[in-house]
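Q: Let me give you the structure first, and then I'll get to my questions.
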Amino acid sequence: MTQRVYNFSPGPAVLPVAVLKEAQRDLVALPGVGMSVLEVSHRSKWYTDIQKTAESNLRRLLGISEAYAVLFLQGGAVLQFSMVPMNLLTGGSADYLITGSWGKKAYEEAGVVGRARIAYSAKDHKFTCLPTDGEIEIDTQASYAHYTANETIHGVQFRRTPQVGDVPLVCDASSEFLSRPMAIERHGLIYACAQKNAGPAGVTIVIVRRDLLERAPQSLPSILSYRTHAENDSKYNTPPVFAVYMVMLVTRWLLDEVGGLEAMAARNADKARILYDALDDSECFYRAHAQLEARSLMNVTFRLPSEELEKRFISEAASQGLFELAGHRSVGGIRASIYNAMPREGVQALAEFMQRFRQHYAQ
Ligand SMILES: *Cc1c(COP(=O)(O)O)cnc(C)c1O
């Protein structure tokens, strides 16, 4: 297969074709360098410039001030489930808002490091909804409060930043990072693995308010301390050179081709509307998982009348060039991930397929 299909994978996920072509062109010999991006030293001027550009692109796109450090780390978002409490939970306890599987995991890992408390859980609602501000029970003495901006598996996404008073707010933004503007200054720390929306797997971006860097205990191994990485420009050890280079290309694409995050957010809202309309107009043949006000613009999750039909839906879709539509193995159903690089035509093709499928199989 050499033709590109429409890839609805939740991650690693679709990347902009223009970015892939540029990487392909540079893969054997970088212009002016004569080496591949895979061969170049992380101490070279070329790589130093690439990382600086990736960082300044992120600062421009998200409006990140110098009060925050931007780090490029390895270990995925899941390592952050441990690094966040190791660095920030120094006595007392931390609050967790649990709106899906990832937040639950983050909470459990924090409990390995110290004391973690549940400030809100949507478990009794099967992770279909979000808290109102009144439903969040924040401990005003908490070391921090953690939430998951977009729950990738359940397809629920915060519309706005939760209110937690003066407690430093920590956000797992993995599966919506760079899909829309963010209120950076409302947060103490934001982290996101790249492979949903910002690049390939291998790098995780951490945006951390510099005063919080002082919290890490001296006893923490250097590699696990944000302070180490901030003091060493994310080059304490070899950074994931290729992944950072790809983040540079993706952020440049967002700035130059898309026109920034407001424009990206408008495109994403338009794409999501096409799919949710297809669900809502289906006379309950397709049933959205998330409640209306919690619906994710990144991961559209829904069910069909039977598991049998869901299996058929996934295989017939694939035969028409629409791939990776199976829901997470823990919840089943259908999930269409429609990140930044999913073209509108792909979403439209899926909506049209959904209509044909329903007409064929609805009773
Ligand atoms: C994908 C994802 C993770 C896990 O990221 P890894 O890079 O596999 O560690 C964590 N949180 C959210 C919200 C995700 O979407």
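Q: Listed here are the pairs Lys104/Lys311; Lys104/Lys126; Lys105/Lys271; Lys52/Lys235; which of them are more than 18 Å apart at the Cα?
A: Listed pairs above 18 Å: Lys104/Lys311; Lys105/Lys271.
Q: Here's something else I'd like to know. Leaving ligands, DNA and RNA out of it, work out the accessible area of His328 with a 1.4 Å probe and give it in Å² to the nearest 10.
A: Result for His328: roughly 40 Å² accessible.
Q: Points 7 angstrom from Cα along the Cβ direction at His125 and Thr238: gap in nanometres?
A: 4.7
Q: Using a 1.4 Å probe on the protein heavy atoms only, what accessible surface does Cys193 show? Give it in Å² to the nearest 10.
A: We get 10 Å² for Cys193.
Q: Right, another one. Determine the dipole magnitude for the chain: charges of +1 sit on the beta-carbon of Lys and Arg, -1 on that of Asp and Glu, nothing else is charged, the reference point is the Cα centre, and the result goes in debye to the nearest 20.
A: Charge dipole, the chain, about its Cα centre: 480 debye, nearest 20.
Q: Place a +1 charge on the Cβ of each Lys and Arg in the range 260-361 and a -1 charge on the Cβ of each Asp and Glu, then give the dipole magnitude about the Cα centre in debye, rounded to the nearest 20.
A: It comes to approximately 200 debye.
Q: What distance in nm separates the simple spin-label points at Ala318 and Ile274, each placed 7 Å from Cα in the Cβ direction?
A: Placing both labels 7 Å beyond Cα along the Cβ direction yields 2.3 nm.
Q: With the calculation restricted to Cα positions, what are the radius of gyration and Dmax of the range 177-243 in angstrom?
A: When restricted to the Cα atoms of the range 177-243, Rg and Dmax are 13.2, 38 Å.
Q: Let's test this: bin the Cα-Cα distances of the chain at 20 Å from zero up to the farthest pair and state each bin's percent.
A: 29, 56, 15, 0
Q: Taking the radius of gyration and the Kirkwood hydrodynamic radius from Cα positions alone, what is the Rg/Rh ratio for the range 260-361, to two decimal places?
A: 0.95
Q: Multiply the residue separation of Gln24 and Ser219 by 0.36 nm, subtract the distance between their alpha-carbon atoms, and state the gained length in nm to one decimal.
A: 65.9 nm is the gain from fully extending Gln24 to Ser219.
Q: Can you run phi through the Karplus equation (6.51, -1.76, 1.60; θ = phi - 60°) for the range 92-99 and list ³J(HN,Hα) in whole Hz, with x for Gly and Pro?
A: Running phi through 6.51 cos²θ - 1.76 cosθ + 1.60 with θ = phi - 60° gives x, 9, 10, 9, 10, 9, 10, 10 Hz.
Q: Moving on to the next point. Using modelled backbone amide H atoms (1.01 Å from N, in-plane), which distant-in-sequence or interchain residues come within less than 5 Å of Ala116's amide H?
A: Residues meeting the criterion, in which the H sits 1.01 Å from N, are Ala94.
Q: Right, another one. Which percent, to the nearest 5, of DSSP beta bridges fully inside the chain are antiparallel?
A: Antiparallel: roughly 55 percent of the beta bridges in the chain.
Q: Please compute the per residue accessible area over the chain with all protein chains in place, 1.4 Å probe, rounded to a whole number of Å².
A: 44
Q: Calculate the spin-label point distance for His360 paired with Gln291, positioning each point 7 Å from the Cα along the beta-carbon direction, and give it in nanometres.
A: 3.6
Q: Can you give me the relative contact order of the chain as a percent, contacts being Cα pairs under 8 Å and 6 or more apart?
A: After rounding, I find 22 percent.
Q: Give the carbon-plus-sulfur fraction of the accessible surface of the chain in %, rounded to a whole number; probe 1.4 Å, heavy atoms of protein chains only.
A: 50
The values are calculated or read from the model by the stated rules, or taken from the named source; none is laboratory data. Not measured: the values here are computed from a predicted model. All Cβ positions, glycine included, derive from the backbone under ideal geometry; neighbour counts span all protein chains shown. Heavy atoms of the whole protein, side chains included, go into the accessibility calculation; ligands, DNA and RNA do not. Shrake-Rupley method; radii C 1.70, N 1.55, O 1.52, S 1.80 Å.
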